[in-house]
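A short worksheet on the structure shown next.
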Amino acid sequence: MNASRRLAAVVVADVVGYSRLMEADEAGTVAALKQRWSGILEPLVASHGGRIVKFMGDGVLIEFTSAVNAVKAAMALQAGFAAANEALPEPAKIMLRIGINLGDVIGEGSDIYGEGVNIAARLETLAAPGGLCISAKVHVEVQGKIEAVFDDMGEQNLKNIATPIRAYRSAGLIAASEKSQGSSHKPSIAVLPFANMSNDKDQQYFSDGMTEDIITELSRFSQLHVVARNSSFRYRGADLDMIRVGRELGVNFLLEGSIRRMGPRIRITAQLIDAISGHHLWAEKFDRDQNDIFEVQDQVVRTIVATLVGRMRAATIEVAKRKPPASLAAYECVLRADALPIHSPEARAEARALLEKAIALDPAFARPVALLGLSYHAEWLYTLTTPDEIRQKAFEYAAKAAALGENDHLSQGFLGFLHLFANEHRQAEHHFQKSIEANHHHPVILSGLGVFCLYDGRPQEGIEYFKQARILDPYFDVTWYWSALASAEYIARRYEEAVATAMRGPQSSFRTQALLAAICAQLNHDTDARRHAAETVRLVPGFSITQFMTREPFRSDADRQHLIEGLRKAGLPDS
């Protein structure tokens with residue numbers, strides 16, 4: 001049979017989380033999907049001048065002669081599926097991802113193949129559940145001809161496609177999809193069963209136990225959706241197509257790993273994978289003595305969980321940065337706001353706009369309310385002339401956030417910060433304790449405990465908390481971490497370590513400059529001390545030690561006087 005080449009608009013649609021749906025109700029899923037293909041898909045394709053090339057298990061390949069008709073049909077198909085989902089409980093909803101490309105295809109009989117089809121299939125994996133992703137060629141054809149707004153995703157490296165492809169996602173469809181799933185649009189992850197690489201097959205229990213513990217501990221992070229064990233454990237074995245697994249489970253990220261015993265030692269590896277692109281985002285190996293195997297298991301689980309949550313957050317922030325603010329969902333607004341430097345007035349204003357949008361999108365979402373309060377606390381802390389009314393505003397937001405998310409570790413931790421800086425140490429300790437009980441894996445919470453101990457007269461204990469945060473997540477690097485650790489080292493009279501620590505973080509804040517001035521003065525580095533003191537006064541004209549110390553909630557008067565001594569020795573004015 002002769003093959004012919006032609007230009008076509010190719011549509012590839014695939015069911016999100018098909019394996020999960022089949023596991024829950026195989027007969028019901030097959031019947032429902034068959035009904036939707038015949039009742040929704042086939043009439044829409046016919047009415048828009050298209051042709052169904054073939055069904056592919058949980059997907060379908062469609063050909064159109066017009067890119068405009070292809071996109072219109074895809075939008076109508078998503079709307080039809082959304083309407084059919086309205087009366088169904090969340091686990092039974094059937095959603096599609098759709099990719100569309102305009103390009104050369106090779107026709108052979110009723111089938112088509114070629115790069116034009118391959119690109120559409122890869123674009124489908126980039127679409128949000130309930131949304132569609134189109135190539136730049138399609139975008140040019142439909143611009144101004146259909147009522148839809150598309151977000152530019154930039155050039156994408158697609159698997160087995162030599163040249164990067166510029167891709168666009170439909171904002172309107174994504175918004176509707178996110179609404180059906182909860183507007184916070186939390187990132188999702190599945191933990192695949194860790195492979196037992198030991199010769200002793202009886203050790204499979206240890207590999208499975210490690211996997212189950214990671215799933216359990218990940219579930220402590222309220223900002224994540226974690227796929228249940230029964231779903232992820234179906235994918236046991238080598239040579240898995242990670243993109244396919246991610247699509248079937250409906251997740252953004254996958255964690256895979258292996259365990260190998262080597263005499264008295266045990267090696268555990270873990271890899272975090274972007275389920276959309278298949279790219280590896282993070283990988284680590286842990287070599288431990290197995291004398292106390294359960295202690296090893298707990299230690300490694302905590303490290304893997306804390307680090308991969310940080311890597312997922314960083315990856316999601318990078319995606320959010322590439323999107324225009326108008327198209328961001330609530331969770332992405334929060335991530336983008338949280339990544340901004342807290343000591344900068346301009347950054348705080350940008351963060352507040354993003355957080356207010358997040359609250360408007362999802363009024364029940366505790367995190368943006370807490371972060372909005374944190375921005376007012378930062379305004380009070382980093383602007384010495386700010387009245388106490390601003391701090392009261394921070395308290396109001398913090399209390400509201402804690403009410404919305406009573407078990408949210410970050411909301412409780414933020415309340416702890418506020419009480420601490422109000423010199424209410426016992427109330428602060430209460431909220432920090434609630435925070436650590438809710439999630440003892442989060443580096444922000446551990447660092448918060450470090451700050452509390454610093455001001456509570458226990459700087460050495462605080463230093464240990466700071467270090468534990470970095471052990472759990474070596475990439476952890478919030479803007480205030482280094483100056484806070486340096487403060488604890490200063491109070492513990494570890495000046496050489498303190499100056500090195502402070503220099504590792506941002507130095508644009510007057511608080512950091514004042515701290516560096518005090519540290520250098522205690523080291524008798526007079527030139528450096530005067531330089532940092534001058535920079536402090538330049539950043540805050542009229543700076544005084546008396547004014548500065550009103551923002552320092554030391555419980556111990558000896559610690560308070562120790563800091564005052566360093567600031568005076570650096571030449572900073574008392575009043």
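The values are calculated or read from the model by the stated rules, or taken from the named source; none is laboratory data. Values in this document were obtained by computation on a predicted structure and should not be read as measured data. Ideal geometry is used to build each Cβ from the backbone, glycine not excepted, and the neighbour counts take in all protein chains shown. Calculation scope for accessible area: heavy atoms of the full protein, side chains included, ligands and nucleic acids excluded. Shrake-Rupley method; radii C 1.70, N 1.55, O 1.52, S 1.80 Å.
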For residue 150, distant residues with modelled amide H under 5 Å away: 171
Acute angle (nearest 10 degrees) that the helix 510-522 long axis makes with the longest principal axis of the chain, alpha-carbon atoms: 50 degrees
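Solvent-accessible area per residue for the chain at a 1.4 Å probe radius, Å²? Write down the numbers at each step before the final one.
Values: 24500 Å² over 575 residues.
Computed with neighbouring chains in place, this is 43 Å² per residue.
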Cα lying deepest toward the dipole's positive end in the chain, options 56, 359, 199, charges on Cβ: 56
Reachable aspartates and glutamates, given that their alpha-carbon falls under 16 Å from the alpha-carbon of residue 467 and they are not under 8 places away in the same chain: 477, 489, 497
Rounded tilt (10° steps) of 204-218 against the dominant C-alpha axis of the chain: 70 degrees
Coordinate range along principal axes, alpha carbons of the stretch 448-575, Å, largest first: 40, 28, 24
The chain, dipole about Cα centre (Lys/Arg Cβ +1, Asp/Glu Cβ -1), debye to the nearest 20: 860 debye
Residues with amide H under 5 Å from that of residue 131, placed H, sequence gap 5 or more: 98
The stretch 83-141: relative contact order in percent, alpha carbon pairs under 8 Å with at least 6 residues between: 38 percent
Relative contact order (%) - criterion: Cα under 8 Å, at least six apart; region: the chain: 8 percent
By average C-beta atoms within 10 angstrom, highest first, the peptides 433-446, 341-354, 208-221: 433-446, 208-221, 341-354
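So, by mean Cβ neighbours within 10 angstrom, what's the order for 479-489, 545-555, 109-119 with the highest one leading?
Highest-to-lowest ranking by the protection proxy: 479-489, 109-119, 545-555.
What part of the accessible area of the chain, given as a whole %, is carbon or sulfur when the probe is 1.4 angstrom? If you can, show how the numbers build up before the last one.
Details: 12560 of 24500 Å².
Roughly 51 percent of what the probe reaches on the chain is carbon or sulfur.
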Estimated dipole of the stretch 344-419 in Debye, rounded to 20 [Cβ of Lys and Arg +1, of Asp and Glu -1, Cα centre]: 40 debye
Under 5 Å, built H, 5+ apart or other chain: amide partners of residue 166: 136, 156
Among (i) 64, 27, 21; (ii) 51, 28, 21; (iii) 49, 33, 23, the entry derived from the coordinates for semi-axes √(5λ) of the Cα gyration tensor in Å: (ii)
Positive-pole candidate from 46, 102, 22, dipole of the stretch 10-117, charges at beta carbon: 46
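Using 1/(1 + (r/R0)^6) with R0 = 60 angstrom and r between the beta carbons of residue 493 and residue 197, what's the FRET efficiency to the nearest 0.05? If you can, show how the numbers build up before the last one.
Working: r = 48 Å, r/R0 = 0.80.
Here the calculated transfer efficiency is 0.80.
Please give the FRET efficiency for residue 555 paired with residue 384, using the beta carbon to beta carbon distance and R0 = 25 Å, rounded to the nearest 0.05. Numbers along the way, then the final one.
Details: r = 21 Å, r/R0 = 0.85.
So the FRET efficiency works out to roughly 0.70.
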Extension gain, residue 437 back to residue 471 (0.36 nm per residue minus Cα-Cα distance, nm): 10.3 nm
Stretchable slack from residue 152 to residue 267, in nm (0.36 nm times residue separation minus alpha-carbon distance): 37.2 nm
Within straight-line cross-link reach of residue 137, aspartates and glutamates at Cα separation under 17 Å, skipping those fewer than 8 residues along the same chain: 63, 104, 115, 124, 151, 152, 155
Cross-link table 54/93; 393/569; 34/72; 72/400; 159/285; 72/357, entries beyond 32 Å C-alpha to C-alpha: 393/569; 72/400
Rounded to 10°, Cα long-axis angle of helix 171-181 versus longest principal axis of the chain: 80 degrees
